[in-house]
Amino acid sequence: MKQKEVHQPGGRTQNRRLEDQRMQNYTLGGKHLFGKLKFDWMGSYAKASEERPNERHISWKSEYAVNNGTNLEKPIHTPVNTISPSDFELKEITEEYQYTEEEDINFFANFELPANFFNQEEGLVKFGVRGRFKNKNRDNNFFEYTPEGGFESMADTDIVRYNGDDFLAGEQYRPGFFTSPEYLGSLDLKNSDLFEEESIPDEYLGENFEVSENVYAGYIMANQHLSDKFSVLAGIRVESTEIESTGNEFDAENPEAGFSEVSDESSYTNILPGIHLKYDVTDNTILRLAWTNTLARPNYIDLVPYRQRKDDEVSTGNPELDPTTSMNFDFMAEHYYRSVGLLSGGVFYKRLDNFIYTNRSDIDNSLILFKPFNGEDATIYGAEVSFQRQLDFLPGFAKNVGVFLNYTYLHSEANGIRNEDGDIREGDLELPGSSPNMFNASLSYSGKRFSARLSGNFSDAYLDELGGNAFEDRYYDEQFFLDFNMTYSINKNLRFYGKLNNITNQPLRYYQGVSSRTMQMEYYSQRLTVGLKYDLY
């Protein structure tokens, strides 16, 4: 057994985990009119960084017999005999530094002219260009520290005990005893008389990378009324993407070989046409039909040509990944009430090519390889219905009540996914990340001074990550959240507000293969926020 905690030394971290996130954004733009030509443009520069300094871990290990529970959904393992801090010997002390930085430069220019292609109704033509230039890099390190003396057992450190009375998972999961955060934070790890420091490249080199992505795009579109009820919007967009990436190759089983820096370049161009049809059945009822084409680019880390081995697992990037493209058909009907309210419903169909998933496979029956690949194709179809209504036709205070309901059904099928042997998996496979049933509802009240809203959100269980076979597939369990918020205006400038989130104490839960086999479960409890807000103007 091992016990582990994460902690940081004093100073600005105050013996707590610190994530120092910084963002800056600068924008300059304008709108101009040259006769009938409208022209607008904007340029922006953004920079964001996240620093996690001095993140310390201390691990202890021990061997003893345990009682294994029979409940796979909420497993519990308890020691047969009583254990104490003196039963645990030191496994490792580590400290990690993480830094990620991203820069983003954007520019676009749009031009618009009036047009009338069929001598019937008004229309317009719009065209423009855009450039996006993004660079992201990560620079981490990781050190392990061996004490020059002491640390014979956990009993040699300051101990903090948790009895589990307020443990959200239940008091049966008693956390037990740990080295105290203050003790871990006070260790002078950089003192060579007390600790021997060793860099552990396999813990961080594979995660360090630099990627630049430049996107050049142009479009042209026309919006034309063919009659007083029927209009067409049609256009085409062309995007060209250039990517340069640098990563590291490192084999933890052969550290004397060091690491090597590897780079790769790739580029691709996508043509994305689209048509939107709109028909006004009445002044309050509208029908919409759309055919569009979209794309989603791979994650930066997936494009980096790195290769890293740790224990029996090998992780690698794939610079040859193609972007995921999707052809979409959507039909929607909308009815607007004379007062505030909307009833809408529609169906949709999507055809995806080159969707991205992470494949798990075996190497020589001794290593496990994790590598992102493009699947062949996937289909998604479903339906959505939504209702929103202010009940202002009711008498008294009830006229201030509002109702919102939304339900989405989704079915997906994915093809071309490899199993652990490299063969195409047989049978019906869902597209990872697509929940088959989603429901949202809220009940609100809005008066002159007091307003409140009770909101519920349900999401069905769905496939989150593909394993080497069906037994290893990871699912995100179904969840239902209930939230409440309110505000009360004391005067025209001063308001009292309150929020109560996660009333249902919904845990985050993953399961493996079948819902009764828990992989991970986290509890976050309810969260209450109250305060005063004063408007200066």
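A compact table of results
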quantity: Selection from Ala378, Asn437, Gly396 lying farthest towards where the dipole of segment 376-462 points positive, charges on Cβ; calculated: Gly396
quantity: Backbone HN-Hα couplings from phi across segment 138-147 [Karplus 6.51/-1.76/1.60, Hz, Gly and Pro as x]; calculated: 10, 9, 10, 9, 8, 10, 10, 10, 10, x
quantity: Rg/Rg_globular for segment 281-383, with Rg_globular taken as 2.2 N^0.38 Å and Rg from C-alpha atoms; calculated: 1.68
quantity: Accessible surface of Leu528 - all protein chains present, 1.4 Å probe, nearest 10 Å²; calculated: 130
quantity: Net charge dipole size for the chain [Lys, Arg +1 and Asp, Glu -1 on Cβ; Debye, nearest 20]; calculated: 4240
quantity: Cleavage-rule hits, GluC sites (Glu not before Pro), segment 83-139, DSSP coil, Cβ neighbours within 10 Å at most 15; calculated: Glu121, Glu122
quantity: Segment 311-389 versus segment 221-243: alpha-carbon centroid distance in Å; calculated: 24
quantity: Zero-based 5 Å bins, Cα pair distances in segment 98-166, whole percents; calculated: 3, 9, 8, 7, 8, 7, 8, 7, 6, 5, 5, 5, 5, 5, 4, 4, 3, 2, 0
quantity: Whole-angstrom gap from segment 90-139 to segment 37-52, using each part's C-alpha centre; calculated: 8
quantity: 1.4 Å probe accessible area per residue over the chain, in Å²; calculated: 58
quantity: Given charges at beta-carbon only (K, R positive; D, E negative), |dipole| of segment 371-507 in Debye; calculated: 1920
quantity: Stokes-Einstein D (µm²/s) once Rh is taken as the Kirkwood radius of segment 447-537 over alpha-carbon pairs, at 10 °C in 1.306 mPa s; calculated: 100
quantity: Listed values (i) 39, 26, 23; (ii) 48, 33, 27; (iii) 43, 24, 22, entry calculated as semi-axes √(5λ) of the Cα gyration tensor in Å; calculated: (ii)
quantity: Gain upon complete extension [Leu124, Arg474; 0.36 nm per residue less C-alpha separation]; calculated: 121.1 nm
quantity: Accessible-area value, Phe143, 1.4 Å probe, nucleic acids and ligands omitted, Å²; calculated: 50
quantity: Residues Lys31 and Ala383, FRET efficiency given R0 of 45 Å [Cβ-Cβ distance, rounded to 0.05]; calculated: 0.65
quantity: Protection proxy ranking of 132-140, 337-345 - average other beta-carbon atoms within 10 Å, highest first; calculated: 132-140, 337-345
quantity: Whole-angstrom gap from segment 457-498 to segment 394-419, using each part's C-alpha centre; calculated: 13
quantity: Spacing of the two label points (7 Å from each Cα toward its C-beta) at Asp283 and Leu113, in nm; calculated: 3.6
quantity: Surrounding net charge for Thr246, when Lys and Arg each add one and Asp and Glu each subtract one, Cβ distance under 9 Å; calculated: -4
quantity: Distance between modelled label sites at Lys399 and Glu313, nm, 7 Å Cα→Cβ extension; calculated: 6.2
quantity: With every protein chain in place, the chain: carbon and sulfur % of accessible area (1.4 Å); calculated: 51
quantity: Local net charge near Phe458, Cβ-Cβ under 13 Å (Lys/Arg +1, Asp/Glu -1); calculated: -4
quantity: Neighbourhood net charge (12 Å Cβ-Cβ; Lys/Arg +1, Asp/Glu -1) for Asp473; calculated: -1
quantity: Aspartates and glutamates with Cα under 18 Å of Lys499, excluding same-chain neighbours fewer than 8 positions away; calculated: Asp483
quantity: Cβ-based charge dipole, the chain, positive-most Cα from Phe117, Ser49, Ser412; calculated: Phe117
quantity: Length added when fully stretched, Val347-Phe481, from 0.36 nm per residue minus Cα-Cα; calculated: 45.7 nm
quantity: Within straight-line cross-link reach of Lys91, lysines at Cα separation under 24 Å, skipping those fewer than 8 residues along the same chain; calculated: Lys2, Lys4, Lys61, Lys190, Lys310
quantity: Extreme residue, positive dipole direction of the chain, given options Tyr523, Tyr97, Asn501 (C-beta unit charges); calculated: Asn501
quantity: Lys38 paired with Met519, simple spin-label distance in nm, labels 7 Å along Cα-to-beta-carbon; calculated: 4.9
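The values are calculated or read from the model by the stated rules, or taken from the named source; none is laboratory data. The structure displayed is predicted, hence computed values, not measured ones. All Cβ positions, even for glycine, are placed from backbone atoms using ideal geometry, and neighbour counts span all protein chains on display. Side chains included, ligands, DNA and RNA excluded: accessible areas come from the protein's heavy atoms. Shrake-Rupley method; radii C 1.70, N 1.55, O 1.52, S 1.80 Å.
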